[in-house]
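One structure is given here, and the rest of the page talks about it.
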Amino acid sequence: MNNILVPVDFSEKSNQALDVAVQLAKKNKAKITLLHCVELPVRYTTRSSSELPEALFFIKTAQKKLAEVSEQVTNKSVNVIPVLETNSIADSVENIIEKGFIDLIVMGSTGATGAKEIFIGSNAEKVVRSASVPVLVIKDKTDIKTLKKIVFACDFSQKYENAFQKAVEFAKMIGAKIDFVYINTPYAFRTSREIKEFMEEFTSSHKEIRSHNTHWYNDFRIEDGIINFAEDHQSDLICMFPIRRSGIAHFFNGSISEDIVNHSDKPVLTIKL
């Protein structure tokens with residue numbers, strides 16, 4: 001991990017996400033790309049001479065705040081690249097990723113309710129939906145040293161090999177163990193024997209999984225199953241895939257991961273295939 005992208009709006013939640021990014025950067029000797037977006041009203045893009053000074057005021061104010069936060073991070077012995085964009089968070093993140101060199105996105109979220117979600121919560125969902133790199137969504141003040149148990153929701157299919165490897169690498173990096181879990185629902189019911197068979201097949205070709213744990217968990221909905229399993233097993237972080245499928249693979253429907261980001265009070269790591 002060489003470059004961590006952190007979108008910030010200078011709120012408490014984004015500051016908590018930045019703190020996690022600093023911890024990860026120090027652990028990996030990585031740098032942080034610090035992104036702040038000033039979404040100007042449409043009228044400011046018309047370049048009216050009477051309105052340009054006001055737009056410039058917003059931009060200069062944001063530049064000052066971004067410089068202050070960048071200096072704070074630099075003082076913690078982490079290299080920082082400050083980036084100010086006059087675009088939406090989702091579009092700006094996508095543009096930065098397209099330029100390459102981003103290994104992980106860390107951002108804050110207030111969950112499904114609360115006024116602050118207007119900025120960070122909704123944008124966390126959009127980034128999770130579109131980002132091609134792993135996204136770590138932080139809900140509260142977090143010390144990565146306390147993230148010892150990761151619940152990884154998957155169907156033990158070979159087609160998720162790349163995401164599986166990234167999850168194992170992330171767990172190794174922070175010194176955590178993974179509880180790999182298949183959520184069994186009435187909609188896509190599998191017998192215990194069937195689940196055990198495909199779990200054993202997957203495990204036989206991925207020996208590194210043997211140092212972790214495998215489970216299956218019954219619930220009425222995928223989202224409820226993941227959240228309830230995490231609570232029952234006192235997990236510290238939830239990991240899953242934000243991709244869209246049909247039929248039985250609705251397990252990995254993007255809306256599920258977005259709901260988890262909104263409704264879980266635990267950090268969520270999403271890994272795009």
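To keep it simple, each residue is scored yes or no on (1) surrounded by 13 or more Cβ atoms within 10 Å (Cβ to Cβ); (2) in contact with a strand residue (DSSP E or B) (Cβ under 7 Å, 6 or more places away or on another chain); (3) within 17 Å of Ala90 (Cα to Cα); (4) at pLDDT 95 or above.
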position: Asn3; (1), (2), (3), (4): yes, yes, no, yes
position: Pro7; (1), (2), (3), (4): yes, yes, yes, yes
position: Lys13; (1), (2), (3), (4): yes, yes, no, no
position: Leu18; (1), (2), (3), (4): yes, yes, no, yes
position: Ala21; (1), (2), (3), (4): yes, yes, no, yes
position: Ala25; (1), (2), (3), (4): yes, yes, no, yes
position: Leu34; (1), (2), (3), (4): yes, yes, yes, yes
position: Pro41; (1), (2), (3), (4): no, no, yes, no
position: Ser48; (1), (2), (3), (4): no, no, no, no
Handout entry: Pairs with Cβ under 8 Å, 6+ apart, first in the stretch 256-267 and touching a residue at least 40 places away in the same chain (Cβ under 8 Å) and among the β-branched types (Val, Ile, Thr), second buried (at least 22 other Cβ atoms within 10 Å of the Cβ) and assigned to a loop (DSSP other than H, G, I, E, B)
Key = Val261/Ser109
Fill in the blank from the handout: Here the residues within the stretch 103-120 that are outside any loop (DSSP other than H, G, I, E, B) and either surrounded by fewer than 21 Cβ atoms within 10 Å (Cβ to Cβ) or modelled with pLDDT of 80 or more (or both) are Leu104, Ile105, Val106, Met107, Gly108, Ala115, Lys116, Glu117, Ile118
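The values are calculated or read from the model by the stated rules, or taken from the named source; none is laboratory data. Bear in mind that the values here come from a model prediction, so they are computed numbers and not experimental data. Every residue, glycine as well, gets a Cβ built from its backbone with ideal geometry; the counts of neighbours run over all protein chains shown.
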